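Comments concern the structure below.
Please treat every number below as a calculation from the coordinates, not as lab data. Predicted model only: the values in this text are computed from it and were never measured. Note that we place each Cβ from the backbone using ideal geometry, even for glycine, and neighbour counts take in every protein chain shown.
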Amino acid sequence: MDVQPQQQIVQQPQHQQHQQIQQQQQIIQQQQLPPEQSVLVNNGSEQYHIPTVTPVKTEEVLGPEGGLDQNTGRGQSAKEEKQQGILRFDVITNDGSLKNLQSLMDLKNVFSKQLPKMPREYIVRLMFDKFHHSLLIIKRDNVIGGICFRPFREQGFIEIAFCAITSSEQVKGYGSFLMTHLKEHLRLNGIYHFLTFADNFAIEYFQKQGFTHEITLAKDKWKGFIQEYDGGSLMECVVHPKVTYLDIPSMVKMQRDTLNKKIREISTAHIVYPGLDCFKKGQPRIPIEQIKGIKESGWVSSVSEHQIQELQKQLSLILDTIKRHPDAAPFLKPVSLTEAPNYLSIIKDPVDLDIVTERLSRQNYYITKNIFHADLKRICNNCKEFNGEGSVYYEIADRFEKFIQSQINTIV
C-alpha cells in the first residue's frame, strides 16, 4: 500500500462528474459479461469472475478534491466534528445504486490522487468489485477519504486494499479516526483480524494504528486469499471482541479511576499535608521523619541524625584545616570584580571558601561529603579555567586541589 503525498487541489467541472458516472455504469455492465470476457479468480472455497476493466480514457478528474470547504478550527477534534454532524462515516459496496456509484467514484478520485503509484484501472477494478467494501469518511457531504477492504468472513479476516485521506484534510486526526471506525464496524460483525501489504511509506501509519509484522492468524487462513505485492510488508492488526473502539477514552478513564481507588486503599499518596513553617522561625533544619506524612508513607531513613551530626563535625574540622593551608589565600574571599571585571562572563558558577563556610553553618546544605567535595573542587576548577594552564594561579589551584583530596579521604 502507498502512502499519499501532498497534492495540488484542482476544481472538477460538473460535466466531467456526469461523464465518469456514465463510464462507471458501463463498468457495472461489464461485470455481467460471460466468463470468457472476465478473469476467473480462485479463492480456495469459492470461485468468482472479475471483469477485465479497460482504463478510463478521459481527462484527469479529481472529484471531491476540488472545492472543499476550509477546515474547521485547528483545535477541533475529529470526534467533536462527528458529534456536531460535520463528519459522518458510511460503509458501502457496489450494489448498482446511483448513490453508491457516486460515492465510490468520489473515493476512487481520492485514491487515484493520493496513491499515484497504484494504476487507476486497478483501483477501479477492486473498488467496484462487489466483494470489496469501502468505509467512507464524509465531511459536509464531501468524501474526503476512506478505506477499501475485502472481508473474508469464513477465514476470519479482512484485507485492506487502499487507505487515504485527501491532501487538504490531512494532519487532523482523520486517518486514525477512520481506522478506529473500521475496527468497531468489523468487531460488531465478528471479524477480528486485519491484514494488509504496506510499503515503506505506509508502515509508520499502520504501526500507529496497532498493526505489527507479527502475523498471528494461521497461514492457511490467509495464504492464497490476499493479493501479495513486491516490496510490500505484510502487517496484521488484531481487534479485541470486547473493546468498544469508539469509546476507548471513556474505558481508559474508568480503568484509571478503578486503579486509583484501589491504590488509595493501601496508599496515603493522595493525602495533602500543610507546608512547613519551622524555617520561618529560624530553625536551620529538622529531621526528615518529623515532616508530616513521611513516616506514614513507609519511609525509613538510611542515615541517622547522629550520623549527620558527626559528618558536620568532620567537615567543619577539615574546612578549618583547608583554610589554614598556604595555598588557600587566593580562595578565601570572592574574586574581586575590580581586578577581574570579566570574571563572571567566564565563570558561571563562582564559589569560594567564604561561601563554603556559610553553607556549612546552615547544617542542612552539606548532607553528604560528596556535595562538600564538589564545591571545593569547583573552587580549583574555576581558577584553572579563568587563569589558564601555565599561569601561577593555575599551579596554586592544582596543588590546593591535591591537598583537598587528601583531606576528603580522611572522612569516615
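Would you mind counting up the charge near Pro241? Only other residues with Cβ under 12 Å from its Cβ, with Lys and Arg at +1 and Asp and Glu at -1. Cβ neighbours under 12 Å give a net charge of +2. Note on Leu98/Glu121: beta-carbon distance plugged into 1/(1 + (r/R0)^6) with R0 of 30 Å gives a FRET efficiency of 0.85. Per-residue extension of 0.36 nm, minus the Cα-Cα distance of Gln83 and Asn381, leaves a gain of 100.9 nm for this segment. When the C-alpha to C-alpha distance is required to be over 23 Å, the pairs from Lys113/Lys221; Lys79/Lys242; Lys79/Lys117; Lys82/Lys261 that qualify are Lys113/Lys221; Lys79/Lys117; Lys82/Lys261. Mean sequence separation of contacting Cα pairs (under 8 Å, at least six apart), scaled by the length of the stretch 305-408, corresponds to a relative contact order of 30 percent. Decide, for the stretch 156-257, between rounded, prolate and oblate: order the square roots of the alpha carbon gyration tensor eigenvalues as a ≥ b ≥ c, take rounded if a/c falls under 1.5, and otherwise choose prolate if a/b is larger than b/c, else oblate. Oblate. Across the stretch 137-250, Cα pairs under 8 Å and at least six residues apart give a relative contact order of 27 percent.
Under 16 Å of direct C-alpha separation, and excluding same-chain neighbours fewer than eight residues apart, Lys323 reaches these aspartates and glutamates: Asp352, Asp354, Glu358, Asp375, Asp398, Glu401. When the C-alpha to C-alpha distance is required to be over 23 Å, the pairs from Lys99/Lys130; Lys139/Lys172; Lys292/Lys369 that qualify are Lys292/Lys369.
Taking θ as phi - 60° and the Karplus parameters 6.51, -1.76 and 1.60, the scalar couplings of the stretch 259-275 work out to 5, 4, 5, 5, 5, 5, 5, 10, 10, 10, 4, 7, 7, 9, 9, x, x Hz in sequence order, x denoting glycine and proline.
Spin-label model, Val171 to Lys402: label points 7 Å out along the Cα-to-beta-carbon direction sit 6.1 nm apart. Extending 7 Å from Cα along the Cβ direction at Arg362 and again at Ile411 yields two label points whose distance is 1.6 nm. Ordering Phe386, Leu311, Ala329 by the projection of their Cα atoms onto the charge dipole of the stretch 305-408, which places +1 on the Cβ of Lys and Arg and -1 on the Cβ of Asp and Glu, puts Leu311 at the extreme positive end. For the stretch 241-398, the Cβ-based charge dipole about the Cα centre amounts to some 940 debye (Lys, Arg positive; Asp, Glu negative; other atoms uncharged). Hey, quick one: spin label on Gln227, modelled 7 Å out along Cα-Cβ, who in the stretch 136-162 has an amide N within reach, i.e. under 17 Å? Label zone hits: 146-152, 158-162.
Each of the peptides 224-231, 186-193, 123-130, 373-380 was scored by the mean count of other Cβ atoms within 10 Å over its residues; in descending order, highest first, they stand as 123-130, 373-380, 186-193, 224-231. The alpha carbon radius of gyration of the stretch 305-408, expressed as a multiple of 2.2 N^0.38 Å, is 1.09.
So which aspartates and glutamates can Lys262 reach, going by Cα to Cα under 20 Å and dropping same-chain residues fewer than 8 places off? Leaving aside aspartates and glutamates fewer than 8 places away in the same chain, those within reach of Lys262 are Glu296.
Measuring nothing but how far apart in sequence close Cα pairs (under 8 Å, 6+ apart) lie, relative to its length, the stretch 260-357 scores a relative contact order of 18 percent.
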